[in-house]
Each structure stands twice: as C-alpha cells, then as structure tokens.
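Asker: Okay, here's the structure, questions in a sec.
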Amino acid sequence: MEDVSAELCLLACLILTVDLTLGLGPKKDMEFTFLLSAGSTECFYQTTAKNDSMEVEYQVIAGSGLDVGFALISPSGYRLVSDFRRSDGIHMVDLTEGGDYRLCFDNSFSKLSEKMVFFEVIINGQSSAGGGQNEWADVATTESMLEYKLEDIKTRMDSVYQHLERSRQVLTVLRALEARDRYLLEDNLWQVSFWSCLNLLVMLTVAVTQIYTLQRLFDDTKRVCT
C-alpha cells in the first residue's frame with residue numbers, strides 16, 4: 001500500500017514538473033489589438049532565432065475602409081513582406097537570420113480615419129517548440145516510475161500543449177473576425193436607418209404636398225349670386 005502511494009506521489013510530482021516546464025518556458029508568440037491613428041505608421045518588434053519560422057496574421061477590425069498597409073522588415077533592413085491597403089493578411093516566413101524583426105502598419109494614406117488593428121505572431125522552431133524542451137533533460141528518470149517511459153509522457157504532453165496553443169490562437173482570430181463583423185453590421189445598420197428615415201420623410205412630404213394640391217384644385221372659392 002505504501003509503495004502504491006509513493007508511486008502515485010512520484011507520478012503527481014512528475015506531472016506537476018511537466019506542467020510547470022510547459023507553462024514557464026520561453027514563449028515568443030504574441031497577439032495585440034491597437035488603434036492606428038490617421039496619417040501615422042506604427043511598428044512592433046519581435047525577437048526570433050535563426051532558422052525559425054514566423055507566421056503573421058493581421059485583421060483591420062474597425063475604421064473607414066477597413067484597410068492598412070503592412071510590412072515585415074528583417075534585422076538587416078530587408079523588406080520580406082509588403083501589403084498595401086488590405087483588410088487582412090496571413091504570411092509565413094522562414095527566418096534566415098536571428099534578431100529583431102519589425103512589423104509595421106501604415107495608415108498614412110488616411111488623413112481622417114483611425115483604424116483598429118488586430119495582429120498575431122506565431123514563432124515555430126526549435127527555440128520555442130514545446131514551451132521548454134531543454135528543461136526535460138533535468139527531470140529524473142527511474143526504472144520504477146509506474147513502468148511509464150519518460151519519452152512517451154514527454155511526447156504526449158508536448159502534443160497536448162501544441163494542440164491547446166493552436167486552439168487558443170484560432171479562437172483569438174475568430175474573436176477578431178467577430179469584432180470586425182459586428183463593426184460592419186453596426187455601421188450598415190446606421191446607414192440603413194439613416195437612409196430609411198430620409199426616404200420616409202421625403203415620402204411624407206410628397207404625400208402632404210399632393211393632398212394639399214388636390215384640395216386646392218377642388219376647392220371652389222367663387223360665390224354664385226342669385
């Protein structure tokens with residue numbers, strides 16, 4: 001009985017260590033929503049390692065035209081991606097050099113309207129895979145660990161972590177799409193309501209004018225003297 005309790009405690013400690021390793025490891029993915037002022041350009045920096053891959057996705061959630069310019073610039077100054085006046089975009093880039101990559105959003109062509117922009121950066125590579133792969137080497141392994149292989153547990157935990165992280169990223173993008181659709185619906189509702197009220201006012205004015213004109217036509221103001 002004591003052996004079973006000891007084995008269960010050992011397994012619980014292993015799972016807790018794995019969870020902390022995955023949760024406290026280096027995390028380079030990021031997501032951000034910001035207001036891009038009219039006639040301005042905003043840049044953000046993402047530090048990456050060589051031979052990683054970067055996935056960048058952006059959406060214009062609100063603002064006149066729902067469009068911005070986008071550029072991804074390498075640490076050495078080369079322009080890797082360039083978009084002009086687009087509402088959204090997804091780009092996958094293989095990074096051939098490490099350092100700070102610059103993500104710039106341009107609204108200089110719009111002098112009056114500010115834009116609300118959501119973007120997400122996902123780094124895939126050996127430097128960020130598994131949220132802390134190097135720490136696995138520090139986990140002690142014994143032959144009496146409930147006959148489980150540490151490598152099997154590591155593989156399964158990494159798989160679960162990757163799937164959960166990907167699900168979180170997809171849900172974040174869906175929330176951004178929902179926010180943009182809600183903005184479009186509210187804007188269209190205002191336009192429809194405005195023009196409907198204007199058309200109703202014109203129709204009422206025309207109806208009153210026609211009734212008044214017909215009354216004037218049949219109104220005999222002449223008196224007959226006998």
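The values are calculated or read from the model by the stated rules, or taken from the named source; none is laboratory data. Here the structure is a predicted model, which means the values were calculated and not measured. Every residue, glycine as well, gets a Cβ built from its backbone with ideal geometry; the counts of neighbours run over all protein chains shown. What goes into the accessible areas is simple: the full protein's heavy atoms, side chains included, and nothing from ligands, DNA or RNA. Shrake-Rupley method; radii C 1.70, N 1.55, O 1.52, S 1.80 Å.
Asker: Run the simple label-point estimate for Ser108 and Asn199 please: 7 Å along Cα→C-beta, distance reported in nm.
Answerer: 4.3 nm
Asker: Still on this model: Which FRET efficiency value, to the nearest 0.05, do you get for Asp219 and Gln191 by plugging their Cβ-Cβ distance into 1/(1 + (r/R0)^6) with R0 = 41 Å?
Answerer: Efficiency computed from Cβ-Cβ geometry: 0.45.
Asker: Figure the gain on full extension for His163 and Phe34 (residue separation times 0.36 nm, minus the Cα-Cα span) and round it to one decimal in nm.
Answerer: Additional length available on full extension: 43.7 nm.
Asker: Next question. Counting only the backbone N, which residues of the stretch 39-68 are under 11 Å from the spot 7 Å out from the Cα of Arg86 toward its beta-carbon?
Answerer: Counting only backbone N, you get 56-59, 68.
Asker: Continuing with this model, one more query. Hey, if we sort Lys50, Lys111, Lys154 by accessible area with the 1.4 Å probe, largest down, what's the order?
Answerer: Lys111, Lys50, Lys154
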